[in-house]
Structure formats: structure tokens, C-alpha cells
């Protein structure tokens, strides 16, 4: 009997809920979500990072709380996700120096 009590309780709870198709239009409350604000990353400023040491650029990004990742080292592409993140910088590195910066 003790094992059936939780099952009986769940059955009662779910049977009391209305199906979405049974709801009247005035019972449905629309959910509004605001779009996430896109962080400001100045593309012109990112070009000043080219030619600098990667460690220095990464430290500056960390201090400014800017997401970043290295996508290429010495001409070899690294495994990365394909998701576009407008608040993230992608670095291409050659011999420890940043040779390219893209947003996303």
C-alpha cells in the first residue's frame, strides 16, 4: 500500500489539470519574453588587437568580461561549435600573435 500512495497522488494531480485544448481563450496567459540585449563589441577596436600577444589580448578580454576563444593556431583550425554568439570574439593566432579577430 505504501508503494501505491505516491503513484495514486501523482495520478490525482495530473487528472485534475486541464488539457491546453480545453482552456478558454481568457484562461490562457501569453508569456512575453524580451530579447536579450546584444553586448556592444566595437569591431574597429578589435582590429587593434591584431599583432599583439595572445596572452595580453586574452587578459584584456577577461578583464572586460568579453567572451573569447581561439579558433585557429598556426594555420590549423581548431574544433569549435558553430553557434553564432554576437558577444564573443574569435582569434586566429600565428606564432603566439593574434593575426585575425572576428565577432561571433
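The values are calculated or read from the model by the stated rules, or taken from the named source; none is laboratory data. Please read all numbers here as calculations on a predicted model, not as lab measurements. Cβ atoms come from the backbone with ideal geometry, glycine included; neighbour counts cover every protein chain shown.
Being under 20 Å from residue 44 (Cβ atoms) and either loosely packed, with under 13 Cβ neighbours inside 10 Å or more than 13 Å from the chain's Cα centre (by Cα) (or both) is the filter here; which residues of the stretch 68-83 pass it? Before you say what the answer is, go through the steps one by one.
Initially, the stretch 68-83 is screened for residues under 20 Å from residue 44 (Cβ atoms), giving 68.
None - no residue of the stretch 68-83 is under 20 Å from residue 44 (Cβ atoms) and either loosely packed, with under 13 Cβ neighbours inside 10 Å or more than 13 Å from the chain's Cα centre (by Cα) (or both), so the list stays empty.
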For this session: Could you tell me whether residue 93 is at pLDDT 90 or above, touching a helix residue (DSSP H, G or I) at 6+ places or on another chain (Cβ under 6 Å) and surrounded by 10 or more Cβ atoms within 10 Å (Cβ to Cβ)?
Result: yes
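Being touching a strand residue (DSSP E or B) at 6+ places or on another chain (Cβ under 7 Å) and either modelled with pLDDT under 90 or within 15 Å of residue 86 (Cα to Cα) (or both) is the filter here; which residues of the stretch 48-71 pass it?
Restricting attention to the stretch 48-71, the residues satisfying the condition of being touching a strand residue (DSSP E or B) at 6+ places or on another chain (Cβ under 7 Å) are 49-54, 57-58, 61, 66-71.
Within the stretch 48-71, 61, 66, 67, 68, 69 qualify.
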Exercise. In the stretch 70-90, is there at least one residue being touching a residue at least 40 places away in the same chain (Cβ under 8 Å) and assigned to a strand (DSSP E or B)?
Worked result: yes
Seminar exercise, completed: residue 98 fails exactly one of (1) assigned to a strand (DSSP E or B); (2) surrounded by fewer than 11 Cβ atoms within 10 Å (Cβ to Cβ), namely (2)
